[in-house]
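Remarks on the structure that follows.
Just so it is clear, none of the values below were taken in a lab; they were calculated from the coordinates. Worth saying up front: this structure is predicted, and the values here are computed from it rather than measured. In this analysis, Cβ positions are derived from the backbone assuming ideal geometry, glycine residues included, and neighbour counts consider all displayed protein chains.
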Amino acid sequence: MEINMQEMEPVERMKSGFEHFKKEIYEKKQEVFDPLKEGQVPKFMVFACADSRVCPSVVLNFQPGEAFTVRNIANMVPPYDQTKYGGVGAAVEYAVLHLKVENIVVIGHSRCGGIKGLMSVKDDGTTSTDFIEDWVKICMPAREKVKAEHAVLPFPDQCTKCEKEAVNVSLENLLTYPFVKEGLEKKTLKLIGGYYDFVNCEFETWEI
Amino acid sequence: MAALLRAPLFSGSVISGCEASDGFATTPARDLKISGSPLRLGGTRNERVRISLFIAAKPSCIIRASKDSFGFTRELRESEHILDEKDQVLDPFKEMKCRFLEFKRQNFVEDRIHYQSLAQRQEPKFMVIACADSRVCPSSILGFHPGEAFTVRNVANLVPSFQHGASETSAALEFAVNSLEVENILVVGHSRCGGIQALMSLKDEADSRSFIKDWVIVGKTARLTTKAAAGNLSFEMQCRHCEKESINSSLLNLLTYPWIEKRVNEGKLSLHGAYYNFIDCTFEKWTLLYRKALEGGSKYAIKNRSVWS
């Protein structure tokens with residue numbers, strides 16, 4: 001595009017984007033969008049980071065209706081706990097019990113600020129933020145594993161290891177939700193880990 | 001839109017695609033490597049392994065896939081579509097691989113300098129809070145490109161107040177405002193929202209608990225104002241009303257965060273609400289005006305409301 005999107009006034013930027021969407025996508029794919037008015041039947045639930053560079057719709061070209069998508073800092077899934085971080089539980093509950101998704105994918109990524117924050121949390125546990133450090137500590141087991149197994153690696157490489165280990169921690173945390181466990185046992189649900197490296201433009205997947 | 005069918009996916013694969021300067025392979029592709037899952041892979045892999053590989057039609061890529069437990073490799077060259085042997089249907093992850101390779105070809109390869117710059121840092125001007133609903137991805141609707149919008153998605157695009165305490169949305173707000181220093185926060189609601197419907201369906205008396213109920217109650221102020229303003233309307237109309245009310249409720253909740261209020265007062269941060277109606281494909285947006293020092297009258301007002309259709 002000739003127009004530099006970054007220089008557009010914010011509202012103009014949004015308007016331009018919407019008009020393009022409506023004209024080039026919505027109106028040209030009525031057969032896709034008409035059924036979506038009635039309901040959504042996504043086969044995927046996706047956890048991705050809120051990082052502006054890693055939208056799964058862009059990277060994996062998910063079309064409207066395909067992926068129920070949660071995005072938060074460092075794509076984390078806390079363990080089952082009805083008293084804290086229940087917003088994630090609400091999303092998983094809705095996706096598994098109501099939408100009946102077939103796959104839950106947790107996608108980590110390179111140069112993740114949230115994981116860097118996790119790796120930077122002080123050893124004595126003191127925090128300097130209102131919410132961030134408390135949130136990223138969800139994946140403390142990943143940090144401990146990396147620090148134990150890769151102590152000699154430089155900090156950036158430790159962060160890369162942690163980005164992937166944290167996905168595994170989140171996948172394990174998903175198993176603490178009874179309805180997820182049940183779905184796996186009945187083979188109606190699959191858990192998948194993913195890692196998007198935008199430095200080298202590679203995408204990795206694995207299954208548990 | 002390809003139907004994504006349930007099929008077992010190969011466990012562990014890396015798509016590196018092909019080095020391409022003009023979209024086609026000019027140098028040998030890097031090998032796929034399998035990341036052996038650190039989790040209990042063996043226990044789930046008694047079934048016959050189906051390995052489906054896709055290679056982009058034009059580049060000739062060498063992709064090797066090996067599975068650690070079984071230790072065999074296959075090497076494929078040139079354009080080849082491998083169908084699932086048992087079902088003759090496409091493996092959904094083959095579809096994802098295809099899309100990723102296309103994304104790489106159209107974006108990363110075509111605009112390498114921009115992506116290399118993005119890899120160093122992100123400087124989005126927007127933070128967007130949208131619903132997790134599969135139909136309303138803000139990147140799709142508003143055409144946000146990588147790097148433009150730090151995006152949080154949760155059930156019913158709700159923003160809890162600062163006093164609510166720890167939440168995933170609060171952590172994301174803190175990062176976006178204090179670290180990334182975004183200039184705009186946009187809360188986008190939408191039509192036929194299941195989360196808002198759940199909020200409006202809550203019974204006044206104690207009910208069985210669920211994660212959904214415990215979360216959507218964050219929007220209880222919107223439910224109250226909706227009942228007051230539109231209680232005589234049909235349930236569906238009340239839900240429509242609440243979808244918009246909850247956006248405003250979330251905007252006001254944003255101002256309960258001290259570091260957000262400070263930046264709004266300083267003119268460094270703007271708060272916007274928006275409503276995407278996918279029934280008629282319209283997009284309504286407005287900006288919250290906050291006049292902290294206003295004597296008398298309401299501190300809050302709406303400005304610059306417009307509807308795009």
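Taken over the range A:36-84, the criterion of being buried (at least 23 other Cβ atoms within 10 Å of the Cβ) and at positive phi is satisfied by A:74, A:75. Scanning the range B:137-157 for residues that are among the hydrophobic types (A, V, I, L, M, F, W, C) and farther than 16 Å from residue B:272 by Cβ turns up B:137, B:155, B:156.
Looking at A:33, A:21, A:62, just one residue is in contact (Cβ under 8 Å) with a residue 24 or more places away in the chain, within 8 Å of another protein chain (Cβ to nearest Cβ) and among the aromatic types (Phe, Trp, Tyr), and that residue is A:33. For the range A:21-32, the count of residues that are in contact with a Ser or Thr (Cβ under 6 Å, 6 or more places away or on another chain) and either within 23 Å of residue B:181 (Cβ to Cβ) or surrounded by 17 or more Cβ atoms within 10 Å (Cβ to Cβ) (or both) is zero. Just one of (1) within 10 Å of chain B (Cβ to nearest Cβ); (2) free of Cβ contacts under 8 Å to residues at least 24 places away in the same chain fails for residue A:186. It is (1).
If you take the residues in the range A:68-124 that are outside any helix (DSSP H, G or I) and of a type in the set (Asp, Glu), which one is nearest to residue A:197 (Cα to Cα)? Applying the filter and picking the extreme gives A:102. Please list, ordered by first then second residue, the pairs with beta carbon atoms under 6 Å, 6 or more apart or interchain, first in the range B:139-160 and at the interface with chain A (Cβ under 7 Å from one of its Cβ atoms) and farther than 23 Å from residue A:86 by Cβ, second of a type in the set (D, E, K, R) and not in a helix (DSSP H, G or I). Note: pairs meeting the criteria are B:146/A:53; B:147/A:53.
The lone criterion from (1) more than 7 Å from chain B (Cβ to nearest Cβ); (2) touching a strand residue (DSSP E or B) at 6+ places or on another chain (Cβ under 9 Å) left unmet by residue A:68 is number (1).
Just checking, how many residues over the range A:90-125 are facing another protein chain (nearest Cβ under 7 Å) and surrounded by 24 or more Cβ atoms within 10 Å (Cβ to Cβ)? So the answer is 3.
Take the conditions in a helix (DSSP H, G or I), closer than 23 Å to residue B:169 by Cβ, without any contact (Cβ under 8 Å) to a residue 60 or more places away in the chain and touching a helix residue (DSSP H, G or I) at 6+ places or on another chain (Cβ under 7 Å) and apply them to residue A:166. Does it pass? No, not satisfied.
Per-residue answers, yes or no, for (1) away from chain A (no Cβ under 11 Å); (2) without any contact (Cβ under 8 Å) to a residue 24 or more places away in the chain; (3) not aliphatic (A, V, I, L, M):
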position	(1), (2), (3)
B:192	no, no, yes
B:218	no, no, no
B:229	yes, yes, no
B:241	yes, yes, yes
B:249	yes, no, yes
B:275	yes, no, yes
B:280	no, no, yes
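Restricting attention to the range B:259-272 and to residues that are part of a helix (DSSP H, G or I) and out of contact with any Phe, Trp or Tyr (no Cβ under 7 Å at 6 or more places or on another chain), the residue that is nearest to residue B:187 (Cα to Cα) turns out to be B:260. Within the range A:40-57, the set of residues being facing chain B (nearest Cβ under 8 Å), under 17 Å from residue B:126 (Cα atoms) and not basic (Lys, Arg) comprises A:50, A:51, A:52, A:54, A:55.
Hey, any hits in the range A:151-163 for a residue that's acidic (Asp, Glu), within 9 Å of chain B (Cβ to nearest Cβ) and under 17 Å from the mean Cα position of the chain (by Cα)?
no
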